[in-house]
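Structure first, commentary second.
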Amino acid sequence: MRLKSFHAPTMAEAMRLVREVLGDDAIIVATREEDGVGVRVTAAVEEEDGNLPAPSPAPVLRFGAPLEPQGPDVLDRVSEVLLHHGAPAAVNQQIMDAVSDLDVRDPLAALAAGLDQVFGFQPLPDGRYPRALMLVGPPGSGKTLTIAKLCTRAFRNGRPVGVVSTDTVRAGGIDQLSAYTRLLKLRLITAEDPVALADALEVQKGAEQVLVDSAGRNPYDEADMRELRDFLVAADIEPVLVLPAGLDAQEAGEMARAFRQVGVRRLLPTRLDMARRLGSLLAAAYEAEMSFADASATPKVIDGLGALTPTTLARFMMPEEAAAAQRRIKQTGTHA
Ligand SMILES: Nc1nc2c(ncn2[C@@H]2O[C@H](COP(=O)(O)OP(=O)(O)O)[C@@H](O)[C@H]2O)c(=O)[nH]1
Ligand SMILES: [Mg+2]
């Protein structure tokens, strides 16, 4: 499900825009009066959410169906779920403020719409991209496995990518990745220092996309982060922070802020399959003002990486509701 917001002076105009852009199958998730400027309508269309092993879409109102105001139970449920996940109070408050302003009768859809208003969602490019993408983060966060997943995904879509590793100091840093690239018949170039990285990217210039693996960094160690920054300014490189789910929320927020200092704007969470509390991810994205990119939810290299959307994130946060929605769809064959 893809959510999109429309602003217009009147409700009729907003509905016309929804229909024009998203078609008759659009689902109205929420409507909101905006003082003095008109209305904001959030609508959704069903579409594949990559291959994250998440449950089904949330049941929401079909286009044209009358809007039912949300009951207090919707707000209670969203609030309960947010408390369970343990994000900092300021983050929860922002989400609750956004959700309270909406008319949604379903907790899953309400949470998705709230997340959509508070966070940015910017999936990694699939296809030609001018900047090399360098995955950065603390040791063991899942950078190398994610590079392998991205290579595999690109390979399956018939788009071989260029791969460079800068993780040359740690024993085995290269071996782990070269085992995957060999299978995919991709050439892995290693670059020991920023100058070598610039040269490696020059060599890979023809590739549709270049992925760069990096050594784990201690975000609180100035020398470590200076070294990372030296790599990042070597060429036109976009860093993406890889952070595992399940960390302490305050810690994750502080770590993400340190990576923001070296220019990171996108967050790619991993180990969604191994955590029941995702407050640390909300804290990281919120405090470091990062958008959510894709997410990893299995240790298997062939799948489990997909774009994180407000809906997929809400499903991971509300697995019970997501499973119930899945069962309803199986029984009735509809989302309504
Ligand atoms: N269950 C699970 N394990 C993961 C996921 N992502 C990474 N891992 C595991 O986390 C460990 C560290 O991953 P690795 O890619 O080597 O981390 P790096 O040090 O950041 O390169 C490995 O055992 C991975 O298999 C995930 O989404 N789910
Ligand atoms: Mg690694």
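The values are calculated or read from the model by the stated rules, or taken from the named source; none is laboratory data. Worth saying up front: this structure is predicted, and the values here are computed from it rather than measured. In this analysis, Cβ positions are derived from the backbone assuming ideal geometry, glycine residues included, and neighbour counts consider all displayed protein chains. Ligands, DNA and RNA are excluded from the accessible area calculation, which covers all protein heavy atoms including side chains. Shrake-Rupley method; radii C 1.70, N 1.55, O 1.52, S 1.80 Å.
Per residue, the accessible area of the range 132-308 comes to 42 Å² when a 1.4 Å probe rolls over the protein heavy atoms. Ordered by 1.4 Å accessible area with all protein chains kept, M255, M317 run largest first as M255, M317. To the nearest ten degrees, helix 222-232 and the longest principal axis of the Cα atoms of the chain are 90 degrees apart.
Give me the percent of accessible area attributable to carbon and sulfur for the chain, probe 1.4 angstrom. Result for the chain: 50 percent of the exposed heavy-atom area is carbon or sulfur. Build a GNM of the chain with springs between Cα atoms under 10 Å apart, and of G86, G158, G279 the one that fluctuates most is G158. The three principal axes of the Cα atoms in the range 144-282 give end-to-end lengths of 41, 33, 28 Å, sorted in falling order. For the chain, the longest principal axis of the C-alpha atoms and the axis of helix 249-260 are separated by about 60°. The largest accessible area among E321, E287, E254 belongs to the first residue in E254, E287, E321, and the rest follow in falling order (1.4 Å probe, all chains). The dipole here belongs to the chain: it is taken about the Cα centre, uses +1 on the Cβ of Lys and Arg and -1 on the Cβ of Asp and Glu, and is about 1060 debye.
Hydrodynamic analysis of the range 74-222 uses the Kirkwood radius over alpha carbon pairs. Inserted into Stokes-Einstein at 25 °C and 0.890 mPa s, it gives a translational diffusion coefficient of 136 µm²/s. Kirkwood analysis of the Cα pair distances in the chain returns a hydrodynamic radius of 20.9 Å. Relative to the longest principal axis of the C-alpha atoms of the chain, give the angle of the C-alpha long axis of helix 194-203, reported between 0 and 90° and rounded to the nearest 10°. Rounded to the nearest ten degrees, it is 80.
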